[in-house]
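What follows draws every value from the coordinates through simple rules; no lab data is involved. Bear in mind that the values here come from a model prediction, so they are computed numbers and not experimental data. Because the Cβ atoms are built from the backbone with ideal geometry, glycine has one as well, and the counts that use them run over all protein chains shown.
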Amino acid sequence: MYETNYHRASSVADAAATFAKGSESKFLAGGQTLLPVMKQRLASPSDVIDLSKLQELIGIEVSGDTVTIKAATPHYDVSQSDAVRKAIPALAHLASMIGDPAVRYRGTIGGSLANNDPAADYPAAVLALGATVKTNKRSISAEDFFKGLFSTALEDGEIITQVAFPVPAKAGYAKMRHPASRFALTGVFVAQTKSGDIRVAATGASQSGVMRVPAIEQALKANWSPSALDSVTISASGLLADIHGSADYRANLVKVMGQRAVAAAS
Amino acid sequence: MSTVKLTVNGRAVSVDVEDRTLLVHLLRENLNLTGTHVGCDTSQCGACVVHVDGRAVKSCTMLAGQAAGSNVTTIEGLAKGDELHPMQAAFRDNHGLQCGYCTPGMIMSAVDIVHRHGGKLDEETVRHELEGNICRCTGYHNIVKAVLDAAGRMKVAQAAE
């Protein structure tokens, strides 16, 4: 790792002010991606500003039809939250499948979204549930937030403070985990909103990061059941292809994980 | 350079380190606690697992500064004097180690697993929960046996307290 300056922020405002002072600052949340990348010398921030101890960024609130998860809440806490398990069980399930136990103790929802890894889990839930990402400056809809591989609508120095998820009528998540990294080779989140809309998002599949899957949404609108997807064909065009799986393989996974997600939905 | 103050195995320590220092290097190089190992250094193998404020985390994926003010327990802090922790005793009795390299991390993760699951542990759960710890001798069979054995012993020990 190259040299860097570590700062522990005392508040969100302090974090933003410290960020502005560094020549190439980075926010550090759980560090489960940033630190490995820094160790590989693929990132060399002049300053890292630690958000993980800010109490104002930690916690889960359920009120009415909204589950709000503050940005520095670790995956473990989301997976174990009785409130989340009750309101959106698929979201608690998703959090319980990220990385391994040690990673889930440190990794955070805000860090995952700000990084927007094309195979990360949370982006699928945020997009399928139509969540709102709140920052220290504004609210950003899921549609506007994700901008392709490792790219988001966040401006330089903008800090995610919380994510608000509308409670759906039903939702499910299924993923084919990469056996070593636990990232999604492909993961699909299906949601039936309380107004009857169907929203489906896939992660790990597209070259442009998380994506909606209109073909599956239409099929589920007509018939909410795994068998409704039997006749659906997902195009391999624009899908990721690497040593772990071809684009055709991932296209099939989108369908199969979609079926499993519907079967698991509650 | 920064001064990092933390508690390690019950002892308050103050260490001057470069800001880029990882927690595992503070433990090994500044405090000479070499029981915590660096295996892969890419956050995958779990040989570096220690407890930070009661949670089993990878000390190679945490800056030393992030642990300032925290309570850290390493493999050296588990035994009570000459009396092994029930997890350490179970690893010995069940031949839960071969070369021993992954063992400190395995034991620290395993203690955390038992704390979280209590008496409800079964083989499938242990195997799933040990995903973040890799044994390159592939000695998982006896590791899982040791964790299940220790879970029983820890329950008995807790009941006796």
Exercise. Above 32 angstrom, tally the Cα pairs of the protein assembly as shown and express them as a % of all pairs, no decimals.
Key: 39
Exercise. Sort B:HIS37, B:HIS95 so that the residue with the fewest other Cβ atoms within 10 Å of its own Cβ comes first and the one with the most comes last.
Key: B:HIS95, B:HIS37
Practice problem: Once every Cα of the range A:55-166 carries one equal point scatterer and solvent is ignored, give the base-10 log of I(q)/I(0) from the Debye formula at q = 0.15 Å⁻¹, two decimals. | Solution: -0.56
Quiz item: In whole angstrom, and with the biggest value first, how far do the Cα coordinates of the range A:5-50 range along each principal axis?
Solution: 30, 21, 11
Quiz prompt | Calculated over the range A:183-229: convex hull of Cα atoms, volume per residue (Å³) | solution = 81
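If R₀ is 35 angstrom, what is the calculated FRET efficiency for the pair A:ALA83 and A:ASP197, using the beta carbon separation as r and rounding to 0.05? Walk me through the numbers before you get to the answer.
On the way: r = 24 Å, r/R0 = 0.68.
It comes out at approximately 0.90.
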Quiz prompt | Among B:CYS135, B:CYS102, B:CYS40: highest mean-square fluctuation, GNM of chain B, C-alpha pairs under 10 Å | solution = B:CYS40
Quiz item: Can you list, bin by bin at 10 Å, the percent of alpha carbon pairs in the range B:14-111, starting at 0?
Solution: 17, 50, 28, 6, 0
Quiz prompt | Total formal charge among the other residues, if their Cβ is under 11 angstrom from that of B:MET1, Lys/Arg +1 and Asp/Glu -1 | solution = -3
Quiz prompt | With at most 14 other Cβ atoms within 10 Å, longest stretch of chain A clear of loop GluC sites (Glu not before Pro) (DSSP) | solution = A:25-154
Quiz prompt | Under 5 Å, built H, 5+ apart or other chain: amide partners of A:THR152 | solution = A:LYS147
Quiz item: For the range B:1-42, what number results from the quotient of the Cα radius of gyration and 2.2 N^0.38 Å?
Solution: 1.16
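Around B:THR21, with a cut-off of 13 angstrom between Cβ atoms, what is the net charge of the other residues, counting Lys and Arg +1 and Asp and Glu -1? Write down the numbers at each step before the final one.
On the way: positive: A:LYS39, B:ARG20, B:ARG28; negative: A:GLU3, B:ASP16, B:GLU18, B:ASP19, B:GLU29.
Counting the neighbours of B:THR21, the net charge comes to -2.
Just check the range B:42-161 against the gyration tensor rule for me: Cα atoms, a ≥ b ≥ c as the square roots of the eigenvalues, rounded for a/c under 1.5, and otherwise prolate or oblate depending on whether a/b exceeds b/c.
Numbers: a/c = 1.57, a/b = 1.19, b/c = 1.32.
Verdict is oblate for the range B:42-161.
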Practice problem: Would you work out if the range A:121-266 is rounded, prolate or oblate? Take a ≥ b ≥ c from the square roots of the eigenvalues of the alpha-carbon gyration tensor; rounded if a/c is under 1.5, else prolate when a/b is larger than b/c, oblate otherwise. | Solution: oblate
Quiz item: What list do you get for A:TYR249, A:TYR6, A:TYR173 if you sort them by fewest beta carbons within 10 Å?
Solution: A:TYR249, A:TYR6, A:TYR173
Quiz item: Once amide H atoms are placed 1.01 Å from N in the peptide plane, what residues at a sequence separation of 5 or more from B:LEU22, or on another chain, have their amide H within under 5 Å of its amide H?
Solution: B:ALA64
Quiz item: Looking at the range A:94-203, which trypsin sites (Lys or Arg not before Pro) are in a loop (DSSP not H, G, I, E or B) and have at most 14 other Cβ atoms within 10 Å?
Solution: A:LYS137, A:ARG138, A:LYS147, A:LYS194
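Rank the residues A:PHE189, A:PHE150, A:PHE165 as a footprinting-exposure proxy: fewest other Cβ atoms within 10 Å of their Cβ go first. Before the final figure, lay out each step's value.
Details: A:PHE189 32, A:PHE150 13, A:PHE165 25.
Least to most surrounded, the residues fall as A:PHE150, A:PHE165, A:PHE189.
Give me the net charge of A:PRO168's neighbourhood, meaning all other residues with Cβ under 10 Å from the Cβ of A:PRO168; Lys, Arg count +1, Asp, Glu -1.
On the way: positive: A:LYS170, A:LYS194, A:ARG199; negative: A:ASP65, A:ASP197.
Local net charge: +1.
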Quiz prompt | Helix runs (DSSP H) in chain B reaching 24 Å along axis by Cα, Kyte-Doolittle at least -1.0 | solution = B:140-160
Quiz item: Build a GNM of chain A with springs between Cα atoms under 10 Å: which of A:GLY196, A:GLY99, A:GLY187 gets the top mean-square fluctuation?
Solution: A:GLY196
